[in-house]
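All remarks here apply to the structure that follows.
The values are calculated or read from the model by the stated rules, or taken from the named source; none is laboratory data. Just so it is clear, the structure is predicted and the values come from calculations on it, not from any experiment. When we count neighbours, we look across all protein chains shown, and the Cβ atoms used for this are built from the backbone with ideal geometry, even at glycine.
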């Protein structure tokens, strides 16, 4: 919830803007520390969810590493003070220049997603006379029960190495003199709200860990990725995900040797609930079939509703009428898909009302664009308002 003081301070900023509550972020990080890091687990934050330097500062101070999917994210992590040994580099299509950046900084690990990528990394490392630590991202064919656009662990997806390719990899590994295989990696999808898919992932990871052991390959790292979801419907009542049960599931069902490390790559569950998109009502319009609230934020600022049909809670901040009406909350972009919510009942809206689109701390600001030549927007942090 937003206090009246905070809401009045929002008036000092030009809308739309992203607001980040650092207290919520710190409380979330404390729970990750309590239930994950203090157990000896290694947690990398997925920069694809949020790469704001102020956010990354808090995450780094809390003891998390960085999970990157581009050279730009690797560089951002380095620039924000993450040590190279804290950085894992994933991604199905790494360019040579991006791989070389990782090699030059001797990052912790490359998560490799194809046989050809293994060969390319070996060649690039040979040219630099160095060795690249790698983990094989294996597609476990586990259904994450999430939106099809953010499912990544099925046979039909582009991500990861299929299990039938492992015999070829076992044959190739002795010839790859500049590769150090340290682990296996999985990532089954995003915004996973049930724990059952993670339980299935544990079974697959146990099975594959044994496959490598039977080949005489003793893996140091088991990386189970991320994907744990947040509650978009009730951001105040469920501001912090249930990390106790999430980490506890892996503690109970994953069979690790004493010398093996368990790694996670969490993104949305870390920052999702600390961010809101603050926007102003420009116009209200009564159509033949619909009432529209036209706001100054659009799909250029938050594309998730248009791209994934995601539903974010929208909160009216000022002022609140005793009358109610039903609205489609839409943006100013010249696309009918520029719609945040449909048939949403609100206290009657007026021009100039402030709205907060909640749970935008992940995959919000990082996906903004300048479509329609939209101007850039600011980021505001709670410390700036106190």
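Which of the residues belonging to segment 316-332 are surrounded by 20 or more Cβ atoms within 10 Å (Cβ to Cβ) and assigned to a loop (DSSP other than H, G, I, E, B)? Residue satisfying the conditions is 331 alone.
Taking segment 61-81 as the range and being closer than 15 Å to residue 270 by Cα, touching a helix residue (DSSP H, G or I) at 6+ places or on another chain (Cβ under 6 Å) and in contact (Cβ under 8 Å) with a residue 24 or more places away in the chain as the test, the residues that pass are 62, 63, 65.
Quickly run through segment 307-321 and pick out the residues that are free of Cβ contacts under 8 Å to residues at least 60 places away in the same chain and in contact with a strand residue (DSSP E or B) (Cβ under 7 Å, 6 or more places away or on another chain). Passing the criteria: 314, 316, 320, 321. Note on segment 83-97: residues that are within 23 Å of residue 60 (Cβ to Cβ) and at pLDDT below 95 total 1.
Filtered by the rule that a residue be at pLDDT below 95, under 24 Å from residue 58 (Cα atoms) and part of a strand (DSSP E or B), segment 343-378 gives a lone residue, 378.
When residues in segment 343-365 are screened for being at negative phi, surrounded by fewer than 16 Cβ atoms within 10 Å (Cβ to Cβ) and touching a residue at least 40 places away in the same chain (Cβ under 8 Å), 2 of them pass.
Just one of the listed residues (201, 262, 254) is within 30 Å of residue 24 (Cβ to Cβ) and touching a helix residue (DSSP H, G or I) at 6+ places or on another chain (Cβ under 6 Å), and it is 254.
Consider segment 121-140 and keep the residues that are out of contact with any strand residue (DSSP E or B) (no Cβ under 7 Å at 6 or more places or on another chain) and surrounded by 16 or more Cβ atoms within 10 Å (Cβ to Cβ). The one that is farthest from residue 165 (Cα to Cα) is 124. Residues of segment 100-120 that are out of contact with any helix residue (DSSP H, G or I) (no Cβ under 9 Å at 6 or more places or on another chain) and more than 15 Å from residue 133 (Cβ to Cβ): 113, 116. Does residue 230 fit the bill of being closer than 17 Å to residue 273 by Cα, touching a residue at least 24 places away in the same chain (Cβ under 8 Å), touching a helix residue (DSSP H, G or I) at 6+ places or on another chain (Cβ under 7 Å) and surrounded by fewer than 21 Cβ atoms within 10 Å (Cβ to Cβ)? No.
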